[in-house]
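None of the figures in this text is laboratory data; all of them are computed from the coordinates on show. This one's a predicted model, so the numbers in the text were calculated from it and none came from an experiment. All Cβ positions, glycine included, derive from the backbone under ideal geometry; neighbour counts span all protein chains shown.
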Amino acid sequence: MHYRLKRLPVTLAVMGALYGIQGHAADDAQVQTKESVADEETALNSVVVFGKKRTRQVSEISRADLDNTAPGTSPIKALSTLPGVNYNSPDSFGNYEWGSRISIRGFNQNQLGFTLDDVPLGDMSYRNYNGLHISRAISSENIGRIVVSQGTGALGTASSSNLGGTIQFYSLEPAEKQGVKFEQSFAEYDNRRTFARFDSGLLSTGTKFAISATEQNADKWKGHGEQRHQLVNFKLTQDFDIGKFTGFINYSDRKDVDYMDLSKSSARRLGYRWDYFAPDWALAQQVATQVGAGGTVGNITSLDDAYYNGSGLREDWLVGGTLALALSDTVSLKTTIYHHDQDGTGTWWTPYRASPGGTPISLRTLEFDINRSGILSALTYNQGIHSFNAGFWYENNDFQHAMRFYAQDNGPSSPYRRPSNPFFTAWNYQFDTNTLQLHFQDNIKLSDQLTVNAGFKSLDATTSVSTLRDTAAGNELRGSLTASDHFLPSLGLNFKLDEQNEFFADAAENVAAFRGVVKGGASPFDTTQAGFNAIKGSIKPEESLVVEGGWRYRQPNFNSSVALYHVDFKNRLLALQQGSGIVGNPSVLTNVGKVETVGAEFSANWSPITNVWFNNSLTLNQSKYRDDFSINNTVFRTDGKNVVDAPKTIVSSQLKYNDGSLYGQIGANYIGQRYYTYTNDQSVSGYTIWDISGGYRWRNVSLAKNVNVQIGVNNLFDKKYFAFGDNPYQATDPTGDAYNLLAGAPRTAFVRFAGEF
């Protein structure tokens, strides 16, 4: 088991010192921070919670809602019911990272912020460089709740990419009583998932811990290959007189065989279920030879129609500890340290470079090795009507990124193992990023009705790059870039009209760090030294100003929310792919100027009778480019065009029943038309996906505290639709040859058996 943790000894030493603090258990309320306290409205059963008393738009998904999803469903997919959220994926459970994309109010996944128990997950991009996906950071069964800030995240959120909203995941606490949980689920396409968790209960020392193991294996729903995932999560808490320590160790080993990207042209010629050639090695070689020479093989007319195979391999360790202290009745301090280590590889069998022995295909990899450590700390001081909060976040990220080629003369390598002994290294870069973020805010309760929150944050993110190896003369890339803004203000207010009605409004400025990666989207480093020198003195980081306001209404059996928003986004950086990505062609980083977004979100949750809830949300969004841009002396008319992957209309509706024993739900999610070119000459149609599930819980059955059986069907009506992969979008695609599409999964049935002992 590979475990390259250069800074782990220091991290564990600090954790050990913190854990060494012993004492009697204190009142949890004395040390809990606002971020760790669930909204009081979570008492509502299986209901999306709106941010009561918050100065910005906030929605929350409870553990009860997560329990009703299909076992193994990505926590990101569970957010698709929330207002403002656009989510699409080519697999039923949303776990295939290449094709699972989320955007909020026109901001794509790489422009949002993600944390787990306050620990930054980076921008959760597939081509990882500063974090990891939530599906690898923790098992979905161990997530207690998810908080989404659609417009602007809290000032103290540890993220350098959140131009738009933030998504904060919080893990379940170890249980007060000792127990074991076990779940076994099965689904079509040989999908099986096993989850087991042991809770120690509260020990005499005031200690609690929980450890779990998860294993999931599934055949692809089309093509050949498996998607395999193993997870181990450990969490420990220790109470003492003036505080609480929490430590965690999470391990993930993920091996996904890919789905083939489609274009509109290839989908027409080859079919919706077209995929890689594997395991037909002879056909892959035939296509590489004949099509590579300008011929065809049946309806295969392009080398990019299919490759032999591809896979994503990720092994992650995420460890950390949090110390929360109540220093006095008015002062509290919360500090978190963490370390993340990743070995990652993306494999593609490329027909564009032959193996040394003459085989017309070689194995090309993009390799991602992350070693990052950080600390975040915040002090809260309550005095009269004021609640002051100030803190910082610092992270150092060492990231090594390489493109290598491996011989396939003896037949294809395994897609489940990282290869060794490359015959050619195209390049190997070392990135070092230091991020420092400071924040200060004051939450002022001016009256029982009016609360104002005012503050600012400061960001400095410097990325240095050096070339460990590059075979192309003149491509030895060295230098650094800094994205900084020392005053990013935020102002919000909440006015409580009466017990049922409240109004909120807020405005905030944000800036994003430059992406320290190549072949991974909008990065200034994805170029030659000459190209880098040309832009490093003039390129500006992306900036945004988000303004929103709204109304919340609450009754015992009804709650609703309306939010209106306006976003000014400038210096938007886009990478335009030049030819096929698998060849290794660089993207061209382009400042496409301004983007303007306006929109409205409507949500309503209604309980017409006991145990029944009807949840609905409607999003109307308009995100448009406000400038034309040019590349290689070609002008692209994008002023007034719609932002890619930003549907104008999103509708979600769910009907739920839960009496504590019998439960079930049926729901539909509609995503409107989405463009995948900047000039809007190509798009995919809108679609509606229906899901249905139900189950029964038996209490105190023999030795079991409860037994649970659940069955369900995803994509109930077998709707065909397209998701988008992680390839850069193109300016125009007049012939429909851009390989940006992924076919959505067909109807998939599942069953889950669970017991708690």
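Does the stretch 458-508 classify as rounded, prolate or oblate by the C-alpha gyration tensor (a ≥ b ≥ c root eigenvalues; a/c under 1.5 gives rounded; else a/b over b/c gives prolate, otherwise oblate)?
Prolate shape, in that a/c is at least 1.5 and a/b is the bigger ratio.
Any idea what % of Cα-Cα pairs in the stretch 344-414 are farther than 14 Å?
That tail contains 70 percent of the Cα-Cα pairs.
Could you work out, for the chain, what percent of all Cα-Cα pairs fall into each 10 Å distance bin, beginning at 0 Å and stopping at the bin that holds the largest distance?
3, 14, 25, 28, 20, 8, 2, 0
Counting pairs of Cα atoms in the stretch 625-697, how many percent are more than 13 Å apart?
Of all Cα-Cα distances in the stretch 625-697, 73 percent exceed 13 Å.
Which one, A530, P412, S161, is farthest towards the positive end of the dipole of the chain when Lys and Arg carry +1 and Asp and Glu -1 on their Cβ?
P412
Report the equivalent ellipsoid semi-axes for the stretch 228-368 in whole Å, largest first, defined as the square roots of five times the eigenvalues of the gyration tensor built from alpha carbon atoms.
With the √(5λ) rule applied to the stretch 228-368, the semi-axes are 52, 16, 12 Å.
Using the Kirkwood formula over every pair of different C-alpha atoms, what hydrodynamic radius in Å results for the stretch 591-738?
Value: 18.7 Å, from the Cα pair sum.
All other residues with a Cβ under 11 Å from the Cβ of V517 taken together, and with Lys, Arg as +1 and Asp, Glu as -1, what is their net charge?
Net charge around V517: +1.
First obtain the Kirkwood hydrodynamic radius of the stretch 258-310 from its Cα pairs, then insert it into the Stokes-Einstein equation at 37 °C and 0.692 mPa s, and state the resulting D in µm² per second as a whole number.
297
Assuming R0 = 45 Å, can you tell me the calculated FRET efficiency for the pair D442 and T296, based on Cβ-Cβ distance, to the nearest 0.05?
Efficiency for this residue pair is about 0.10.
With the cut-off at 24 Å, tell me which of the pairs K77/K540; K222/K719; K264/K719; K264/K720; K264/K648 have Cα atoms farther apart than that.
In this structure, K77/K540 lie more than 24 Å apart at Cα.
Please provide three numbers in whole Å: the alpha-carbon extents of the stretch 167-270 along the principal axes, with the largest listed first.
Answer, in whole Å and largest first: 69, 28, 18 Å.
Roughly how many debye, to the nearest 20, is the charge dipole of the chain about its Cα centre, given +1 on each Lys and Arg Cβ, -1 on each Asp and Glu Cβ, and no other charges?
In total the dipole reaches around 820 debye.
Quick one: which residues, 5+ away or cross-chain, put their amide H under 5 Å from the amide H of R626? H built at 1.01 Å from N.
K594, V595, E596, G640
Given an 8 Å cut-off on Cα distances and at least 6 residues of separation, report the relative contact order of the chain as a percent.
Relative contact order of the chain: 12 percent.
Compute the Rg/Rh shape ratio of the stretch 75-226: radius of gyration over Kirkwood radius, all on alpha-carbon atoms.
1.01
Taking the Cα centre as origin and putting +1 on Lys and Arg beta-carbons and -1 on Asp and Glu beta-carbons, what dipole magnitude results for the stretch 87-220, to the nearest 20 debye?
Its charge dipole is roughly 160 debye.
Fewest to most neighbouring Cβ within 10 Å: what's the order for T115, T296, T732?
T296, T732, T115
Sequence gap at least 6, Cα distance under 8 Å: using those rules, report the relative contact order of the stretch 644-757 to the nearest whole percent.
Worked out over the stretch 644-757, it gives 24 percent.
From the P(r) of the stretch 108-169, could you give the percentage of C-alpha pairs in the tail past 18 Å?
Cα-Cα pairs in the stretch 108-169 separated by more than 18 Å: 27 percent.
Based on a Kirkwood Rh over C-alpha pairs, give the Stokes-Einstein translational diffusion coefficient of the stretch 589-661 at 10 °C and viscosity 1.306 mPa s in µm²/s.
103
From the Cα trace of the stretch 321-367, what convex hull volume per residue do you get, rounded to a whole Å³?
85
Bin width 10 Å, origin at 0, all Cα-Cα pairs of the stretch 367-526: what percent of pairs per bin?
Each 10 Å bin holds this share of Cα pairs: 9, 25, 22, 17, 13, 9, 4, 0.
Enter the Cα centre distance for the pair the stretch 467-519 and the stretch 244-306, rounded to the nearest angstrom.
34
As a footprinting exposure proxy, order V465, V635 by other Cβ within 10 Å, with the fewest listed first.
V635, V465
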